[in-house]
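Following: one structure in structure tokens, then a few remarks.
The values are calculated or read from the model by the stated rules, or taken from the named source; none is laboratory data. Predicted, not measured: the structure shown is a model, and the values here were computed from it. Here the Cβ positions follow ideal geometry from the backbone for every residue, glycine too, while neighbour counts run over all protein chains shown. Just the protein is used for accessible areas: all its heavy atoms, side chains included, with ligands, DNA and RNA removed. Shrake-Rupley method; radii C 1.70, N 1.55, O 1.52, S 1.80 Å.
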Amino acid sequence: MSKLAIIGGSGLTHLAGLEISHRQMMYTPYGEPSAPIIHGNYCGQSVIFLARHGARHTIPPHQINYRANIWCLKELGVTTVIAIAAVGSINSAMQIKDLVIPHQLIDYTWSREHTFFDQSLTQVTHIDFTEPYCESLRQQLLTAAQSLELKVHSQGIYGATQGPRLETAAEINRMAKDGCDIVGMTGMPEAALARELELCYATCAVIANWAAGLGTVPITLTDIEMTLADGIQQVRRLLAEVIKRL
Ligand code: HPA
């Protein structure tokens, strides 16, 4: 049987409508996760929720303990992870507040603890990461989004940057040439760690802003937050629908 976890990103530090049964503090060989793990019931299904940036949104992308977060979910018997992420758009067809279910990623992050396979090894391990996201979960997210007539893009290449600063215009230009459609700071190493622990993991990205150099106005946190407040409503509807169907 599948057991679902939702990792909430910026704009989704708590899941409205989740009937919380209990909060669980966890400790892992890698340290503590971003926040207590929330157990509850959402739309009739048992769900686990974790706020990636902490319960009060205080942990910047490069300081998130991705290993502890993913390890906790595995330890709790989670099989399926929907990761919510705010992103900037590089592709002019992907507009503010649209949803994107990425199918590929490029990792530009550095010096993050990015693997479980570096200590006490009996054998060097290389995971297959050709397709970084779980295709069946991607399709379930897409079917649910389409049934709600949400504006959703069925493919996209996610470029993961280090942050916490936003990118320069030249960096975004280079990422566009690399083929990136969207840019965010938390997609890696989260996706790879989930694969290392054999979790079915997919991302639902919400476009919060035009990436650096592509908009008509400078990117401000206030604008991003205002856009996200709206965009996240769609994510909540999508989660309710997908959970009913899982
Ligand atoms: N760049 C990186 N991460 C982001 C952005 C961005 O423009 N918007 C939201 N998260």
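Collect the residues in the stretch 50-62 that are away from the ligand (no atom under 15 Å from the Cβ) and either open to solvent by 10 Å² or more (accessible area, probe 1.4 Å) or within 16 Å of Arg195 (Cα to Cα) (or both), keeping them in residue-number order. Full working, then the answer.
Quick first cut of the stretch 50-62, residues away from the ligand (no atom under 15 Å from the Cβ) only: 50-51, 54-56, 58.
Correct list: Ala55, Arg56, Thr58.
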Filtering the stretch 22-44 down to residues that are surrounded by fewer than 16 Cβ atoms within 10 Å (Cβ to Cβ), touching a strand residue (DSSP E or B) at 6+ places or on another chain (Cβ under 8 Å) and within 22 Å of Arg245 (Cα to Cα) yields Asn41
Given (1) within 16 Å of the ligand (Cβ to nearest atom); (2) crowded, with 18+ Cβ neighbours inside 10 Å, Ala145 misses just (1)
Filter the stretch 148-163 for residues that are under 17 Å from the mean Cα position of the chain (by Cα), more than 16 Å from the ligand (Cβ to nearest atom) and assigned to a loop (DSSP other than H, G, I, E, B); the one that is surrounded by the fewest Cβ atoms within 10 Å (Cβ to Cβ) is Gln155
For the stretch 127-142, the count of residues that are part of a loop (DSSP other than H, G, I, E, B) and either among the small types (Gly, Ala, Ser) or open to solvent by 30 Å² or more (accessible area, probe 1.4 Å) (or both) equals 5
Checked against (1) under 15 Å from the mean Cα position of the chain (by Cα); (2) within 13 Å of the ligand (Cβ to nearest atom), Ile82 satisfies every condition except (2)
Taking first residues from the stretch 222-246 that are more than 14 Å from Ile84 (Cβ to Cβ) and open to solvent by 40 Å² or more (accessible area, probe 1.4 Å) and second residues anywhere that are at pLDDT 90 or above and part of a helix (DSSP H, G or I), the pairs with Cβ under 7 Å that are 6 or more apart or on different chains are Arg245/Gln140; Arg245/Ala144; Leu246/Gln140
Residue pairs within 6 Å by beta carbon, gap of at least six or interchain, first lying in the stretch 194-220 and free of Cβ contacts under 8 Å to residues at least 60 places away in the same chain, second more than 9 Å from the ligand (Cβ to nearest atom) and open to solvent by 50 Å² or more (accessible area, probe 1.4 Å), listed first then second, are Gly213/Ala169
